[in-house]
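One structure below.
Just so it is clear, none of the values below were taken in a lab; they were calculated from the coordinates. Everything numeric in this text was worked out from a predicted model, so none of it was measured. Counting neighbours? That spans all protein chains shown, and the Cβs are built from the backbone with ideal geometry, glycine included.
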Amino acid sequence: MIDFLPKRDIIETIFPSLSAPASRNSGVSGAWSIYSTLLTAAANTFPFILCGAYVMESLQLVIDDVVTSAQLNIQVSIGAAGSEVPIAESHGGLLLSPCVIASGSITGLTGRTHFFEPVRIPSNVKIAYRASSSAAKLINTAVYIFGYDARYFAQPLKAAEELRYIRGLCSPTKGATVWPSPGATAVSTPAGATWVYGAAVQFIASAASPLLITGLFGSATTASNSSQAQIGIGAPGAEQWMSKVGLTVQTGFPGPLIDCYLPRPLYVKTGEAVSVRIAGNVASTATGIALKGFALR
């Protein structure tokens with residue numbers, strides 16, 4: 001996260017925007033893959049504060065393979081092809097057992113948020129990423145990067161009970177919370193249209209106390225089902241869309257299955273309603289969504 005403090009006045013920027021994520025099969029045995037473009041120089045029209053990446057990671061084993069553990073490294077770079085300069089790197093990992101199968105393969109898949117120390121990227125430069133697996137098996141990856149338009153990056157909001165939150169203390173009666181609890185709520189893309197936001201689904205009708213929304217979890221089993229979700233505050237039909245995350249899936253793989261955190265939590269006032277809507281790569285498809293956050297008092 002950038003500063004852990006709440007915000008309400010800016011919405012996150014995601015690249016690629018309202019389209020399928022960039023994807024790349026990793027290099028193996030510690031070697032890097034070739035680069036995959038996240039944003040062309042021509043499309044990079046404003047300075048961007050890079051905060052992290054939403055990453056799908058999958059590992060596939062076939063019959064006679066042994067139990068395999070692999071560390072995945074993701075490296076984001078800027079610059080023209082052949083002259084890329086790395087600016088941020090992080091890692092994940094997967095462990096998979098083939099069990100006993102007569103034929104075919106078994107695939108393990110997960111999605112996670114990779115945070116970077118914030119980096120300001122100037123306009124008119126290409127942004128790309130590459131991946132490496134520590135194992136002899138490649139890892140399939142799909143990536144959205146996230147952050148903020150540097151032209152509108154704002155100071156943190158002063159929120160009720162914020163010092164309690166900064167010091168690592170939640171409310172003495174209600175701390176970390178998910179909505180709904182337990183389970184998930186279906187949020188769907190619209191019929192007949194891809195990368196258009198569908199109907200909003202309300203998760204909180206009226207906040208009982210000030211809240212910080214820190215992100216959401218998304219899961220589904222539809223192939224190639226990448227999506228981008230917005231979190232809004234306000235009554236049904238009058239929502240103000242204030243936060244955005246990317247639920248990434250590589251083409252041909254089922255999903256998403258990803259835990260998405262915001263770089264800055266969204267502050268919700270007592271009595272406000274909170275809703276979610278999604279736009280995705282597959283029309284008329286539901287994704288199970290659960291919000292996460294903290295009660296401030």
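With θ taken as phi - 60° and the coefficients 6.51, -1.76 and 1.60, list the Karplus ³J(HN,Hα) couplings across the stretch 282-297 in order, rounded to whole Hz; mark glycine and proline as x.
Per residue, the Karplus-derived 3J(HN,Hα) values read 10, 6, 6, 10, 8, 10, x, 10, 9, 7, 9, x, 9, 8, 8, 7 Hz.
Work the Kirkwood hydrodynamic radius out for the stretch 14-149: mean of 1/r over every pair of different alpha-carbon atoms, inverted, in Å.
Over the stretch 14-149, the inverse of the mean reciprocal pair distance is 15.5 Å.
Modelled label-to-label distance, F46 and I106, 7 Å Cα→beta-carbon offset: nm?
For the pair F46/I106, the computed spacing is 4.7 nm.
Assign unit charges at the C-beta atoms only (+1 for Lys and Arg, -1 for Asp and Glu), then state the dipole size of the chain relative to its Cα centre in Debye, rounded to the nearest 20.
Dipole of the chain, to the nearest 20 debye: 540 debye.
Which entry in (i) 230; (ii) 132; (iii) 141 matches volume of the Cα convex hull per residue in Å³ derived from the coordinates of this structure?
Evaluating volume of the Cα convex hull per residue in Å³ on these atoms matches (iii).
Using the per-residue mean of other Cβ atoms lying within 10 Å as a proxy for protection, in what order, highest first, do the peptides 176-188, 277-289, 241-253 fall? Provide the component values of the computation, followed by the final result.
Numbers: 176-188: 14.5, 277-289: 20.6, 241-253: 22.8.
Descending packing order for the listed peptides: 241-253, 277-289, 176-188.
Given a cut-off of under 8 Å on Cα pairs at least six residues apart, what relative contact order in percent is computed for the stretch 14-149? Please report the intermediate quantities before stating the final value.
Numbers: 369 pairs, mean separation 64.9, N = 136.
Reported as a whole number, the value is 48 percent.
Tell me the label-point distance for the pair Q71, N124, using the 7 Å Cα-to-Cβ offset, in nm and rounded to one decimal.
Computed distance between label sites Q71 and N124 equals 3.9 nm.
Report, in deg cm²/dmol and to the nearest 500, the calculated mean residue ellipticity at 222 nm for the chain, where each DSSP H run with n ≥ 4 adds -39500 (n - 2.57) and the sum is divided by the residue count.
Calculated mean residue ellipticity at 222 nm is -500 deg cm²/dmol.
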